[in-house]
Amino acid sequence: MSELFLPQELIRKKRDGITLTDPEIGFLVQGISDGSLTDAQLGAFAMAVFKCGMSLDERVDLTRHMMNSGETLQWGQLELDGPVVDKHSTGGVGDKISLMLAPIVASCGGYVPMISGRGLGHTGGTLDKLESIPGYDGTPNNSKFQSLVKEVGCAIIGQTANLAPADQRFYATRDVTATVESIDLITASILSKKLASGLDALVMDIKTGNGAFAADFKMAQELAQSIANVSSQSGVPTSCLISDMNQVLGHSVGNATEVSECLDFLINPNEANTRLLNLTIELAAYMLQLSGLEKDLVAARQKSLEALNSGKAASVFGKMIFELGGPIDLLENPLKHLPSMPVISSVKSPSSGYISEIDVRAVGLSMIHLKAGRTKSTDPIDHGVGLSEIVSIGQWVNKGDSLAMAHCRDKDQLSYLEKTLPSLIILNENQNESPVLIHEVLSSTTDSSHE
């Protein structure tokens, strides 16, 4: 029987900056799960952590108790012949990497049980993108999910209510009490869900820049180091790549538009957006190296590229889509299945110059305005609305050249984008170099390695 504590005394203790013990944190997480901790108490606890912080041991304990508040996936009985490995991104505008990354790593011998979220705020969600594919079922039961991972090598689905349920209530409270930006609580929130998947290794993509949650580079570093430390202390080797989010990742934003780019990427990788390709391969390489499938990053990069260029990754993706209810010929006939908009037109540049800056967050918010994203979790979204062929930093455009192709429901939406988009893209007579793609790689075993 667990020890009995008074919630208000534990809140007072944390408020005064005193370290909580493992049983004390376990008691609080139990109270989050069973409702014995009131909303007021949970909000007060969140604020106490926000103001006073947590030690590494406290973060590890909080993560473990939240992870164990619901079901955890066990893979031993499936007798997999390779490691279970995953990637998580803190979210970015146009970040569709999971759709290519999971099948690439699966093609190289890894098993990827990728549990993804829906979009909220200015960044899109992987599950929303996949649900633009007709018939796709992102909510299979655990048994089907695990058997699919074994059979295909990967499966991308949505979060279930049974996985780290304490986090769901805790996050909802943080969202309305101005305590979302706590490094300690973000770490526990992300890892409680990821570690419940029974991973052998984890790679994190921490975005930084004007389109990222961690717009400040120092915050991105702190979050990366916290996640690497807590995850590794919890028995899962982890590397965190801090990557740039000062321009759209790839050349599309939306749901169907991003899926279309992913299909092109898998089928014709030699024509893929360079930054999207490089980051995808780098994340895949870290997944292969960290999980023991390859001894070093050079060999891991080569193996990842071979899986992509040979068409093997495309085949795995097609099989995954079909096994989760999607069309069997999606790769061959994407236009037949993905939603197409009545109005597709270019948004033209009002002047000439080099693209020097893009307000990426505002680009993401413009998609929400057109219902391609949501402001609250219950909002329906329009999977067809989006942008494609978006310009990149360092690119020259003449007056009248296209800044992007708009995929719209009607002419009012097109007018909105024609008015809004040019104001979000800064032109300059001097050419800026494209921002560095990967700023830093952090793990718990080394301070840092710079790229």
For this session: Could you figure out which of (1) touching a residue at least 12 places away in the same chain (Cβ under 8 Å); (2) part of a helix (DSSP H, G or I); (3) not small (Gly, Ala, Ser) isn't true of LYS218?
Result: (1)
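How many residues does the range 331-360 hold that are assigned to a helix (DSSP H, G or I) and more than 17 Å from GLU258 (Cβ to Cβ)?
The initial filter retains those residues of the range 331-360 that are assigned to a helix (DSSP H, G or I), namely 334-337, 360.
Applying the additional criterion that residues be more than 17 Å from GLU258 (Cβ to Cβ) yields 336.
So the count comes out to 1.
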Exercise. In the range 368-380, which residue that is loosely packed, with under 14 Cβ neighbours inside 10 Å and of a type in the set (D, E, K, R) is nearest to the chain's Cα centre (by Cα)?
Worked result: LYS376
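Consider LEU277 carefully, then state whether it is of a type in the set (A, V, I, L, M, F, W, C) and surrounded by 24 or more Cβ atoms within 10 Å (Cβ to Cβ).
Here the answer is no, as LEU277 does not meet what is asked.
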For this session: Exactly one condition in (1) surrounded by 18 or more Cβ atoms within 10 Å (Cβ to Cβ); (2) outside any loop (DSSP other than H, G, I, E, B); (3) not aliphatic (A, V, I, L, M) is not met by HIS383; state its number.
Result: (2)
Exercise. Is it true that some residue in the range 410-427 is out of contact with any strand residue (DSSP E or B) (no Cβ under 6 Å at 6 or more places or on another chain), within 16 Å of VAL363 (Cβ to Cβ), charged (D, E, K, R) and not in a strand (DSSP E or B)?
Worked result: yes
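May I ask you to list the residues in the range 257-291 that are part of a helix (DSSP H, G or I), farther than 17 Å from ASP244 by Cβ and without any contact (Cβ under 8 Å) to a residue 60 or more places away in the chain?
Those that are part of a helix (DSSP H, G or I), farther than 17 Å from ASP244 by Cβ and without any contact (Cβ under 8 Å) to a residue 60 or more places away in the chain: ASP264, PRO269, ASN270, GLU271, ALA285, GLN289.
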Exercise. Pairs, please: C-beta under 9 Å, at least 6 apart or cross-chain, first residue more than 17 Å from LYS376 (Cα to Cα) and in the range 154-174, second aromatic (Phe, Trp, Tyr) and outside any helix (DSSP H, G or I)?
Worked result: CYS154/TYR111
Exercise. Looking at the range 61-82, is at least one residue without any contact (Cβ under 8 Å) to a residue 60 or more places away in the chain, assigned to a helix (DSSP H, G or I), in contact with a Lys or Arg (Cβ under 9 Å, 6 or more places away or on another chain) and not aromatic (Phe, Trp, Tyr)?
Worked result: no
Problem set entry | ALA228 vs. criteria of a type in the set (Gly, Ala, Ser), under 15 Å from the mean Cα position of the chain (by Cα), crowded, with 21+ Cβ neighbours inside 10 Å and part of a helix (DSSP H, G or I) | no
Exercise. Among ALA215, ALA285, which is the only one that is modelled with pLDDT under 95 and within 19 Å of the chain's Cα centre (by Cα)?
Worked result: ALA215
Exercise. So, of the residues in the range 386-405 that are of a type outside the set (A, V, I, L, M, F, W, C) and within 24 Å of GLY117 (Cβ to Cβ), which turns out to be most open to solvent (accessible area, probe 1.4 Å)?
Worked result: SER388
Seminar exercise, completed: When every residue in the range 316-343 that is in contact with a helix residue (DSSP H, G or I) (Cβ under 8 Å, 6 or more places away or on another chain) and without any contact (Cβ under 8 Å) to a residue 40 or more places away in the chain is compared, the one nearest to ASN270 (Cα to Cα) is ASP329
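The values are calculated or read from the model by the stated rules, or taken from the named source; none is laboratory data. What you are looking at is a predicted structure, and each value in this text was computed from that prediction instead of being measured. Don't worry about glycine lacking a Cβ; one is built from the backbone with ideal geometry, like all the others, and counts go over all protein chains shown. For accessibility, only protein heavy atoms count, side chains too; no ligands or nucleic acids. Shrake-Rupley method; radii C 1.70, N 1.55, O 1.52, S 1.80 Å.
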